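Chemist: Handing you a structure now.
The values are calculated or read from the model by the stated rules, or taken from the named source; none is laboratory data. Since we're looking at a predicted model, the values are computed, not measured. Here the Cβ positions follow ideal geometry from the backbone for every residue, glycine too, while neighbour counts run over all protein chains shown. Side chains included, ligands, DNA and RNA excluded: accessible areas come from the protein's heavy atoms. Shrake-Rupley method; radii C 1.70, N 1.55, O 1.52, S 1.80 Å.
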Amino acid sequence: MHTFIFDVDNTLTPPRQKIELENFKFFINFIKKNNVYLVSGSDYDKLLWQLSEDILNNVNGVFGCLGNSYHIKNKLIYKNNFAELVYTELRKDINNFINNSKTPIVASNHVEERIGMLNISTVGREATIEQRKIYHQFDMQTNERKKFADYLSKKYPHLDVSIGGEISIDISVKGYDKSQILNHLDKKNNLIFFGDRCDNGGNDAQIAAAVTKLGGTVYCVADYKKTFKILEKLVKLENEG
């Protein structure tokens, strides 16, 4: 038996946007025939906006905030909270990073406190699609996020700091990254994971490594379009078999 695990942003949807209608129709049909779990750095309400109640109520479970919250059919099963994330020194470092950034464009909402994690962005979570693209190009040229993530990782070895999506950094307590969700799944099943940030330092890296170690399959996709091309091939093979 297969168990499919999907990241959401840029894996099932365009970055910070809703799932496209054609993909929505395909995915609804897919999840009704398969064991499917979702895992994201976003919180449940954001996932609800991106994917709809129809999808969230038909998957086996929804892990938000890097797996620090778990919902089944809109019911909260558990949530983690950590005092380590409110340290004065950590918050001072984050504020300095935001204030000293050379980002060419600035929006608002730079620090989001989510269940069991922090999400920070120098450009700001409220950036438009165009602003996100401008910042992403800036980050690719300067490695701003990677440099700060490396700095925090060295200074706070008890924290897990990873790059998420196009504009942000995720901070959680070490051991409570996306791979923690595997403790709640049947590892006897063949695990199949889809994510776009499986690279070293990405917020899909730990779960991708853990799935691989368990003998599962990892698809590190460039974007959501690649995800659906792979799924269409898998469905075709299944139907032919």
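Chemist: Exactly one condition in (1) touching a residue at least 60 places away in the same chain (Cβ under 8 Å); (2) crowded, with 21+ Cβ neighbours inside 10 Å is not met by K155; state its number.
Modeler: Checking K155 against (1) touching a residue at least 60 places away in the same chain (Cβ under 8 Å); (2) crowded, with 21+ Cβ neighbours inside 10 Å, the one that fails is (2).
Chemist: Is there a residue being of a type in the set (G, A, S), within 23 Å of N60 (Cα to Cα) and outside any strand (DSSP E or B) anywhere in the range 199-206? Steps first, please.
Modeler: Initial filter on the range 199-206 (of a type in the set (G, A, S)): 201-202, 205.
If we keep only those that are within 23 Å of N60 (Cα to Cα) too, we end up with 205.
Then drop every residue that is not outside any strand (DSSP E or B), which leaves 205.
Within the range 199-206, one or more residues are of a type in the set (G, A, S), within 23 Å of N60 (Cα to Cα) and outside any strand (DSSP E or B).
Chemist: Right, S162: among the small types (G, A, S), in a strand (DSSP E or B) and surrounded by 14 or more Cβ atoms within 10 Å (Cβ to Cβ) or not?
Modeler: On the way: among the small types (G, A, S): yes; in a strand (DSSP E or B): yes; surrounded by 14 or more Cβ atoms within 10 Å (Cβ to Cβ): yes.
It is true that S162 is among the small types (G, A, S), in a strand (DSSP E or B) and surrounded by 14 or more Cβ atoms within 10 Å (Cβ to Cβ).
Chemist: Against the conditions (1) in a loop (DSSP other than H, G, I, E, B); (2) of a type in the set (G, A, S); (3) within 17 Å of H2 (Cα to Cα), where does A222 fall short? Just the number, please.
Modeler: Going through (1) in a loop (DSSP other than H, G, I, E, B); (2) of a type in the set (G, A, S); (3) within 17 Å of H2 (Cα to Cα) one by one, A222 breaks only (3).
Chemist: Would you kindly identify the helices (runs of 4 or more DSSP H) lying entirely within the range 1-62 that contain at least 3 residues that are open to solvent by 10 Å² or more (accessible area, probe 1.4 Å)?
Modeler: Details: elements: 21-31, 44-51, 53-56.
Where helices (runs of 4 or more DSSP H) fall fully within the range 1-62 and carry at least 3 residues being open to solvent by 10 Å² or more (accessible area, probe 1.4 Å), they are 21-31, 44-51.
Chemist: Separate question: Can you name every residue in the range 182-225 that is more than 17 Å from G41 (Cβ to Cβ), in contact with a strand residue (DSSP E or B) (Cβ under 8 Å, 6 or more places away or on another chain) and among the charged types (D, E, K, R)?
Modeler: If the condition is that a residue be more than 17 Å from G41 (Cβ to Cβ), in contact with a strand residue (DSSP E or B) (Cβ under 8 Å, 6 or more places away or on another chain) and among the charged types (D, E, K, R), then D186 is the only one that fits.
Chemist: Now a separate question. Within the range 166-203, take every residue that is among the polar types (S, T, N, Q) and more than 12 Å from the chain's Cα centre (by Cα) and give me the one that is surrounded by the most Cβ atoms within 10 Å (Cβ to Cβ). Quick ask: steps written out before the conclusion?
Modeler: In the first step, residues of the range 166-203 are kept if they are among the polar types (S, T, N, Q); the result is 168, 172, 179-180, 183, 189-190, 200, 203.
Next cut, more than 12 Å from the chain's Cα centre (by Cα) only: 172, 180, 183, 189-190, 200.
Numbers: S172: 28, Q180: 22, N183: 8, N189: 14, N190: 15, N200: 10.
Checked the range 166-203; the qualifying residue surrounded by the most Cβ atoms within 10 Å (Cβ to Cβ) is S172.
Chemist: Inside the range 216-241, can you point out the residues that are loosely packed, with under 12 Cβ neighbours inside 10 Å and touching a residue at least 24 places away in the same chain (Cβ under 8 Å)?
Modeler: The first filter runs over the range 216-241 and keeps only residues loosely packed, with under 12 Cβ neighbours inside 10 Å, leaving 222, 229, 233, 236-241.
Passing the criteria: only A222.
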